[in-house]
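First comes the structure, then the notes that go with it.
The values are calculated or read from the model by the stated rules, or taken from the named source; none is laboratory data. Quick caveat: nothing in here was measured; it's all calculated off a predicted structure. Backbone-built Cβ (ideal geometry, glycine too); neighbour counts: all protein chains shown. These accessible areas exclude ligands, DNA and RNA; they are computed on the full protein's heavy atoms, side chains included. Shrake-Rupley method; radii C 1.70, N 1.55, O 1.52, S 1.80 Å.
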Amino acid sequence: MPRTTYVVPPTYLPLIGCAALFCLAIGFVSWLHQLHYGPYLAITGFGLLLLMMFDWFRTVIHEVRAYQLDDDPVIDHSYRWSMGWFIFSEVMFFSVFFGTLFFIRVFILPYLSGAIPEGTMTHFILWPDFKNIWPLLKTPDPQAIAGPKAAMEAWGIPAFNTLVLLTSGVTITIAHWGIFKKKIKQAVLFQTLTILLGILFLYLQVQEYAEAYHHLGLTLGAGAYGNTFFMLTGFHGFHVTLGTLMLMVILYRMLKGHFTPKPFCI
Amino acid sequence: MSHEHPSPNGILGHIQRWVFTTNHKDIGTLYLIFGFSMFFIAGFMSLMIRAQLVQPGMQLLDPATYNVVITMHGLTMIFGALMPILAGFANWQIPLAIGAPDMAFPRLNNWSFWLLPFAFTIAMSTLFVEGGGPNAGWTLYAPLSTNYGPPSMDYLIVSIHMLGISSILAAINIIATLLNCRTPGMSLMKMPIFAWSWMVTAFLLIAVMPVLAGTVTMMLTDRHFGTSFFNVAGGGDPLLFQHLFWFFGHPEVYILILPAFGIISEIVPTFSRKPLFGRTSMIYAIICIAVLSFVVWAHHMFTAGMLLSTMIFFMYTTMLVSVPTGIKVFNWVATMYKGALTFETPMLFAIGFISMFTLGGLTGLMLAIAPADFQYQDTYFVVGHFHYALVAGTLLSMFAGIYYWVPKWTGYYYSERLGKLHFWLSLISVNITFMPMHFLGLAGMPRRIPDYGLQFADFNAWCTLGAFMFGFAQLIFAYNMIQTMRGKGQKASGQVWEAAQGLEWSVESPAPYHTFTTPPQIKSET
C-alpha cells in the first residue's frame, strides 16, 4: 500500500541553532581569555540555543499532531532508532572518562610507582617517593599539583543519591504504565514524583560539591582523583538536569492530554 | 501535502532557498560545494608546504608558520573537505538509492550541514588570533596542544565540538533513514552497496565522534581549569591523549575510506556490465573492517612506549584488517574479470582507486609490523602511506563518484575529454608527488619539518613538481564541473549509463526536486 509522504517545509530553526552555537562557542572562549564581552556573548548564545530548541520541539509536536504522523510506522521507528543511537553516542562520550579513569588506575599510576614494567627507571628518576594508593591523595608531584585532603566517602550523600536515582527509575516506570492503562492520575502523580526526585538528586549533588570544595579540598584540579571525580559526576549531573527538564515537558504534555496508550506518541 | 518547487525571487529568495532548505538534494549540493571549496583552500595550504620544501633551506614560511600550515592543512582536509564531500554523496544518493522521499529528519539534515560553515569560520579564524594558529599537527598531541599550545587552540577545540555535533546528527539521520525509509521489499541485504557503506560509516561516526569531543574537552580543562589529565605530575599522562585520540583517529580513517569503497562498488559493476562479484561478502567485509577499526589504534604509537604484549596484540589486529580489505580488492577485480569493460572517466578513476589504494594498503601493512615501524615512525614514509590512502584512495573515488552521478544531478554529461585529461594528470601527478615520499622516509627524512638535509633534495623537488601538477589538474576538474552545472554538456537520459542498476536511475535526469513521494516497486534482482 503506497503511503503519502509528509514533506517538511523549509525551516529557519537550524540557522538560529548555528548562530546560537557560534555565539556560545566564541563567547565561551572569549570568557576564558578574559575578554569583557565573553560572558555576555556566551549567555546570549546559550539563551538563543534554548529558545531554538523550544521552538524546534514545539514545531515537531504540532506537526506530528496536526498530520497524525505518529500513525506512520516509518516515522515512529525513525524517532525510536534515532533516540537509541543518540544514547549510544552519549555512552561513548562517558566511556572516554571511564576509560581515562581505567587507564590512570591500571596503567599510569602503577607505572609511575614502579610496579609495571618491573624495575622501570621512570619511577626512580622522576618521583621515587611516589606510591600508588587510590584514592590518590598524594599526587606524583605534590608541589606542582596538590591532591585532596580526603576522598569522597561512598556511604553518605553518594549512596543516598544512588538510591534516589534508582527510585526515580521505578517511579517513571509506574508513570509509564499509568499511560498504558489510561490511569492519567497515576501517570501525572508518579511523573511529578520522578521530577522531584531528579531535583532532589541535583540539590544533594550541589551539597556534595560544596562539601568537597570547602571541607575535603577535593577540587577539579586536585590531581587525577579530583579530575575524574568531577568530570564524571559533573557531566552526569548535567545529564540529570537535562533529563529533569525533559520530564517536565512530558508532564506538561500529559496534563494537556497528548499521550494515549497508542504504541507511539510523540 | 506536497510542496511546490521552490521558485526563488531575487537574491534574497535564493539565499532563503538554500539556507532554509529541508530537501536532501539541496543539502547534498551544499555539502559538495562546501567540501570542494574547503578542498581548494586546504589544497592551497599543501602547495605552500610543497613550495617551502622544494629545495633545502628556508624559502617561503618561517618554522612557526609552517607548523600552523601543516596543522590546518590536515584538519581542513579531513573535517572540511573529505567528510563533507562524502556526506554530500550520502545526502544525494541514499534517498535515491533506497527509494525514500527524503532523509528521515530533513530539518536536522539542514542543521548538520549549516553547522559546518559556522564551525569552519571559527577554525579558520584561529589563523588570525594573536599568538598564531594551532601548531601541534592535526593530531593535537598533548602537551604541544595543552601546556605549549597557543591561545588559538581554544577556538579550535570549540570548533571541533561543533563539527562533532554536526557529524553525530548527520550520522544518526543517515542510520535512521537507512533502517526505516527503505522502499517496501528492500531488505537490508538487498540494499545498494553504497548505502551499506554509509550505514557502517554512520555507526563509526556515532561511536567515535563523542570520543573526540570528550578528549578535546579534557584538553580544554587541562588548559584552563587546572586538571592534569595529560600531565604526569598530577597522575595523568600525555600518552593517555594519544590513546584517546587514536581510538577516535583510527575509526576516523575508515570513516573516510568506507564510503569510498561504496562508491567504487557501484561504479565497477556498471562499467563491467556484470553484477558485483561476491556482494554479500562485500557487505560483511565492510562490517568486519569497521569492527576491527576499534582494536587497532595503538599501532599509531608503537614508539611512544607500551608493553611488548600490547604491541604484539595491536600488530596482529592491524594485519588482520588486510583480510577484509583484500576481499574487497579481490571482488572488484573479479567483477571486472570477463566483463564487457568500457573506460569512461568514472571507471578510469575507479580502476585508479583500486590500484593506488592497494599500494596505500600495502605500505600500511609494512607500518603495522611493530619492529619495522620503529624505523618508519614519523618519517615521510608515513606521509606517503596515508596520502596514498586518502588522496589516491578517497579523493580519486570522490572524483569517480562525481563523474558517475553528476549527469543524474544536473541532467548533463560532463566533457569526457576534459574528464580523461583530469584523470591522467591526477593519476600521474599523485604518483610523482607521493611515491618519492616513501623513499625519503626510508632514507630517514622526518615528517613535519620545514627544512631537510641536502641528500633529500632531488626527491623533494619531484614531490613539489607533482603537487603543483596535481593542483593544476584540479582546476580542469573545477572548470569541467562548472560547465556541466551550467548545462553546457550533452543532455543525459534517466538511465545515464548503459548498464547502471538501481533505483536512482529510474528517475529522470536531472532528478526532480521531490522523488519517490510514493515508494517505488523494486525489481526482483536489485
### Query
Can you list the residues of the stretch A:140-161 whose accessible area drops by at least 40 Å² going from the chain on its own to the full set of protein chains, with a 1.4 Å probe?
A:Ile145
#### Entry: Whole-Å distance, taken between Cα centres, linking the stretch A:196-213 and the stretch B:6-52
47 Å
### Task
Kindly tabulate the residues in the stretch B:228-277 with an accessible-area decrease of at least 40 Å² between the chain alone and the assembly of all protein chains, using a probe of 1.4 Å.
B:Phe229, B:Val232, B:Ala233, B:Gly234, B:Gly235, B:Leu240
### Task
Just the number, please: carbon plus sulfur as a percent of the accessible area of the stretch A:12-66, 1.4 Å probe, no ligands or DNA/RNA counted.
78 percent
### Accessible area of chain B divided out per residue, in Å², using a probe of 1.4 angstrom
34 Å²
### Query
Given a 1.4 Å probe and every protein chain left where it sits, what share in percent of the accessible area of chain B is carbon and sulfur?
69 percent
## Note on the structure
Rounded to the nearest 100 Å², the accessible area buried between A and B, both sides, probe 1.4 Å, is 5800 Å²
### Message
Test of understanding: given chain B, find the longest segment containing no GluC sites (Glu not before Pro) that are in a DSSP loop and have at most 15 other Cβ atoms within 10 Å.
### Response
B:131-497
### Query
For A:Leu218, what charge total do you get from the other residues with a beta carbon under 9 Å from its beta carbon, if Lys and Arg give +1 and Asp and Glu give -1?
0
### Message
Please list, in order along the stretch B:343-349, the HN-Hα scalar couplings obtained from phi with the Karplus expression 6.51 cos²θ - 1.76 cosθ + 1.60 (θ = phi - 60°), rounded to whole Hz, x for Gly and Pro.
### Response
10, 6, 3, x, 5, 4, 5
### Task
Give me Rg over Rh for the stretch A:91-241, both radii from the alpha carbons and Rh done the Kirkwood way, two decimal places.
1.15
### the stretch A:90-109 and the stretch B:490-504: distance between their alpha carbon centers, rounded to Å
51 Å
### Query
Just in the stretch A:77-180: which chymotrypsin sites (Phe, Trp or Tyr not before Pro) are loop by DSSP and have at most 16 other Cβ atoms within 10 Å?
A:Trp155
### Query
Relative to the isolated chain, which residues of the stretch B:175-192 have their accessible area cut by 50 Å² or more in the presence of all protein chains (1.4 Å probe, heavy atoms, no ligands or nucleic acids)?
B:Asn180
## Note on the structure
Taking Lys and Arg as +1 and Asp and Glu as -1, residues besides B:Ile33 with C-beta under 15 Å from its C-beta add up to +2
#### Entry: Shielding by partners - mean other protein chain Cβ count within 10 Å, residues of B:217-224
3
#### Entry: Centre separation in Å (Cα based) which lies between the stretch B:409-450 and the stretch A:220-258
50 Å
### Task
Calculate what fraction, in whole %, of the accessible area of the stretch A:153-266 sits on carbon and sulfur atoms when a 1.4 Å probe is rolled over the protein chains.
76 percent
### Message
Quick query: amide H of B:Tyr412 versus all other amide H atoms, modeled in the peptide plane; which residues come in under 5 Å with a sequence gap of 5 or more or a different chain?
### Response
B:Ala492
#### Entry: Interchain or long-range residues, amide H under 5 Å from B:Thr379's placed H
B:Arg447
#### Entry: trypsin sites (Lys or Arg not before Pro) within the stretch A:148-208, DSSP loop, no more than 15 other Cβ atoms inside 10 Å
A:Lys149, A:Lys181, A:Lys182, A:Lys183
#### Entry: Paired Rg and Dmax values of the protein assembly as shown, which use every Cα atom, in angstrom
27.4, 84
### Message
Taking the Kirkwood radius as the inverse of the mean 1/r across Cα pairs, report the Rg/Rh of chain B.
### Response
0.96
### Query
What ³J(HN,Hα) values, in whole Hz, does the Karplus curve 6.51 cos²θ - 1.76 cosθ + 1.60 give for the stretch B:73-79 when θ = phi - 60°, with x put for Gly and Pro?
4, x, 5, 5, 4, 6, 8
### Per residue solvent-accessible surface (Å²) - chain A, probe of 1.4 Å
56 Å²
### Task
Be a star and scan the stretch B:306-336 for residues whose amide nitrogen sits under 16 Å from the point 7 Å along the Cα-to-Cβ vector of A:Ile125.
B:306
### Query
Over the Cα atoms of the stretch A:12-66, Rg to Rh with Kirkwood Rh, two decimal places?
1.18
### Query
Which angle between 0 and 90 degrees, to the nearest 10, do you get for helix B:322-336 versus the longest principal axis of chain B when only C-alpha atoms count?
40 degrees
#### Entry: Where only C-alpha atoms are counted, convex hull volume of the stretch A:153-266 per residue in Å³
100 Å³
### Query
What residue among A:Tyr209, A:Phe259, A:Thr241 has its Cα farthest toward the positive end of the dipole of the stretch A:181-266, where the charges are +1 on Lys, Arg and -1 on Asp, Glu, each on the Cβ?
A:Phe259
